[in-house]
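To start, the structure itself, in structure tokens.
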Amino acid sequence: MKAKFIYIAALASLAITPTSCEKVSPQGVLMAGTDVEDRVEMSYLYYKLNNIESKLDIDLHEVEDGYSFLVGADSHMTTDPGRTQEMLQIGLDNDDLFYCHLGDIADTKAEYYVALENTIDEARMKYIDKYYYYDYDDNFYFRKGMTNPTPRTWDGIKYPFFPVVGNHDLTHNGWALWSNIFGSSFYEFQIQVGKDENGPYFDHFIFLDTASGTLGKKQVDMIEQGVLDGVSRYRFTFVFSHTNIFRPEAVQFSSTFTREETYFLLDQFNKWNASIVFCGHVHAWDERLYNGVYYFSLDSMSERNSPKPGDYLLRIIINKDGEIEYERVRMNYVAKK
């Protein structure tokens with residue numbers, strides 16, 4: 001099903017400038033520090049063993065009348081978690097169903113990932129406090145508002161934060177740091193959003209590992225073999241990638257896919273009947289419609305790359321009637337001097 005799109009916030013004019021990062025190095029900007037073949041193989045094993053779908057502990061009634069999710073990109077977190085905290089708090093305050101990040105979540109130092117993990121743990125505690133209650137008789141947590149909630153231990157409650165891996169996440173052997181928190185860089189999940197005479201149907205979410213600027217042979221083979229094609233009836237399909245498909249401007253400085261892989265992906269998005277493809281990496285806002293698929297590239301939410309308040313997040317609102325609305329969401333955090 002192709003959605004009708006409505007932008008529900010007025011777009012201000014946005015000057016596009018070449019991207020910049022602190023501590024720029026050719027490796028950090030242009031390539032990842034680990035091999036995509038190894039990452040995909042490890043991710044696939046993790047994905048199969050840990051059942052990624054279980055991260056969404058919801059009932060059909062919570063989404064059949066519509067839901068929203070929040071997307072951010074390129075936070076490049078160091079020891080200041082302000083923008084990452086702000087994104088997760090915005091999602092919680094708005095009751096967004098889940099939150100997605102398009103890569104380059106942190107620069108690759110151990111202390112940065114300690115700060116990142118602490119930030120996610122704090123956000124998870126707030127999430128549990130809002131959406132779960134603890135039954136002292138059963139000694140389990142239960143989701144509020146569910147018809148027959150599944151008993152959960154504290155560790156069994158999954159925080160609905162879904163990142164893709166970026167090139168800056170992987171420099172200086174950063175894969176070990178990133179995968180220790182998030183596990184898999186190549187995965188999918190689905191949400192049942194309705195049921196009719198032909199059975200249930202779903203919205204589909206696909207997360208690609210594009211941090212190296214290439215899918216690699218294993219990932220292409222898995223896609224062609226149907227690993228991410230699913231067997232369900234899909235209403236909408238959304239794809240998340242770090243590396244951008246299109247450049248906002250010809251002078252934009254960022255690595256992109258080889259021409260052959262770009263054509264492969266454009267064809268694959270069409271086969272998946274994708275509604276939206278989300279990309280980061282380029283540190284500049286861009287939106288366009290190509291061959292029936294919407295493409296959004298998000299600006300960097302990093303307070304170093306985007307020091308002033310601005311509309312760095314994107315919220316997707318999916319209505320029961322089949323319309324998809326989207327709005328750019330303002331971030332106000334300014335780093336302490």
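Being among the aromatic types (F, W, Y) and not in a helix (DSSP H, G or I) is a property that Y263 lacks.
Tell me whether segment 213-228 contains one or more residues that are in contact with a Gly (Cβ under 9 Å, 6 or more places away or on another chain), outside any strand (DSSP E or B), of a type in the set (S, T, Y) and touching a residue at least 40 places away in the same chain (Cβ under 8 Å).
no
Scan segment 86-106 for residues that are outside any loop (DSSP other than H, G, I, E, B) and surrounded by fewer than 18 Cβ atoms within 10 Å (Cβ to Cβ) and the total you get is 3. Looking only at residues in segment 295-313 that are surrounded by fewer than 20 Cβ atoms within 10 Å (Cβ to Cβ) and either of a type in the set (A, V, I, L, M, F, W, C) or in contact with a Ser or Thr (Cβ under 9 Å, 6 or more places away or on another chain) (or both), the one that is farthest from N244 (Cα to Cα) is R304. For segment 314-327, residues that are surrounded by 17 or more Cβ atoms within 10 Å (Cβ to Cβ) and either charged (D, E, K, R) or more than 22 Å from E64 (Cβ to Cβ) (or both) total 4.
Within the set K126, K158, the sole residue that is free of Cβ contacts under 8 Å to residues at least 40 places away in the same chain and either under 24 Å from I317 (Cα atoms) or buried (at least 21 other Cβ atoms within 10 Å of the Cβ) (or both) turns out to be K126.
Could we say that E111 is out of contact with any Lys or Arg (no Cβ under 9 Å at 6 or more places or on another chain), under 20 Å from G91 (Cβ atoms) and surrounded by fewer than 19 Cβ atoms within 10 Å (Cβ to Cβ) here? Talk me through it step by step, then tell me what you get.
Working: out of contact with any Lys or Arg (no Cβ under 9 Å at 6 or more places or on another chain): yes; under 20 Å from G91 (Cβ atoms): no; surrounded by fewer than 19 Cβ atoms within 10 Å (Cβ to Cβ): yes.
Judged against the criteria, E111 is not a match.
Across segment 195-225, the number of residues qualifying as on the phi > 0 side of the Ramachandran plot and either touching an Asp or Glu at 6+ places or on another chain (Cβ under 6 Å) or among the basic types (K, R) (or both) comes to 1. Return yes or no: is R304 part of a loop (DSSP other than H, G, I, E, B) and of a type in the set (D, E, K, R)? It is true that R304 is part of a loop (DSSP other than H, G, I, E, B) and of a type in the set (D, E, K, R).
Here, each number is a calculation from the coordinates, and none is a lab measurement. Keep in mind that what you see is a predicted model, and the values were worked out from it rather than measured. Neighbour counts run over all protein chains shown; Cβ positions are idealised from the backbone, glycine included.
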